[in-house]
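Encoded as structure tokens, the structure appears first; notes follow it.
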Amino acid sequence: MRSIMVSTPPRRSILRPIARWGWTVPVAAAVVVVALTVGPIAATPSYAATPPPLTIQPLDDTIDDVLSESLDILRAATATRPSRDAEVVRWSLREDGTDDPVIVPEWQEWVWNADGTGYLSARAGAPYSVTTDGKIVEPVGDAPDEGDPIETARSSPSDFGFFPDEPPANAREMRDYLTVQAHLPNDADALAWWGAISLLRDEWTLTADQQAAALEILAATGGLSVLGTVEDRFGRDGIALSVTSANRDQFGATVVLDEASRQIIAADITYNGGSNRLDLDTGSVIEYSAWLLPR
């Protein structure tokens with residue numbers, strides 16, 4: 001994992017799952033140490049250590065077709081105000097490399113104080129296990145009850161998050177905003193840009209125009225392609241896009257746009273092989289996120 005990491009951490013960074021931090025923003029030295037000590041991760045004989053991938057149906061439309069239609073839909077949407085109240089359901093491969101056949105999604109949201117500080121709140125989703133043939137079953141080991149608070153060291157009550165200021169709705173301004181706020185390098189590739197956008201999506205419920213700006217940024221990287229139609233892990237109909245980097249091909253992202261609104265609603269991070277530190281099948285999901293739409 002070291003080869004896909006950058007070195008200088010921002011002073012206010014938050015420890016996040018290793019797989020995610022590896023291609024998003026600079027990481028703390030402690031995270032690098034953990035990454036270097038991760039041992040082989042192997043599935044048990046009967047149960048997988050990772051969730052099943054999304055089932056994608058091929059789509060004849062090109063990426064240009066999908067982007068053009070998506071941008072038109074987003075720009076024609078009723079104007080709303082952005083709000084700093086995003087909620088995401090996330091699962092990530094264990095950072096310590098321990099083989100765990102029980103998958104516990106986390107419902108995460110930022111809780112903000114009046115002075116702009118806040119903390120990341122997390123509670124357990126419904127735990128489950130996955131058989132080696134991809135079937136979801138009741139958990140086969142110890143697991144928290146759904147709704148139990150999850151203690152986390154990812155933030156403290158005095159964090160400001162990464163994006164205290166309202167995001168712009170123009171692609172050029174959004175690029176500048178993400179570069180500064182997410183500490184992106186000058187040569188950021190498609191995966192780095194997606195990492196910054198996903199962090200922003202964690203904190204803010206974006207307007208349609210802001211989502212359009214994010215899509216324009218990804219389109220300009222040259223690392224975006226269309227995969228097909230899909231149902232996300234909440235059963236929402238969507239269109240799946242692939243985000244890849246020519247220079248860092250061990251990992252990739254599958255980003256899901258809501259079929260109707262074209263908002264970014266979900267993403268999987270997948271392992272594409274080539275690492276001697278991860279004993280996982282090619283195509284394994286090592287993190288998934290599902291952003292909930294406003295109630």
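The values are calculated or read from the model by the stated rules, or taken from the named source; none is laboratory data. Small disclaimer: the values here were computed from a predicted structure and weren't measured. Virtual Cβ from ideal backbone geometry, glycine too; neighbours counted across all protein chains shown. Quick note on the areas: whole protein, heavy atoms, side chains included, nothing else; ligands and nucleic acids left out. Shrake-Rupley method; radii C 1.70, N 1.55, O 1.52, S 1.80 Å.
Some notes on this structure:
- Note that the range 54-192 presents 55 Å² accessible area per residue, ligands and nucleic acids not counted, probe 1.4 Å.
- Per-selection Rg to Rh, the range 190-259 - Cα, Kirkwood hydrodynamic radius: 0.95
- Within the range 187-219: backbone nitrogen closer than 20 Å to the Glu166 label point (7 Å, Cα to C-beta): 200-215
- In nm, spacing of pseudo-spin labels at Ser225 and Thr132 (7 Å Cα→C-beta vector): 3.1 nm
- Base-10 log of normalised Debye intensity for the range 127-208 (one unit scatterer per alpha-carbon) at q = 0.12, 0.15, 0.17, 0.22 Å⁻¹: -0.60, -0.77, -0.83, -1.00
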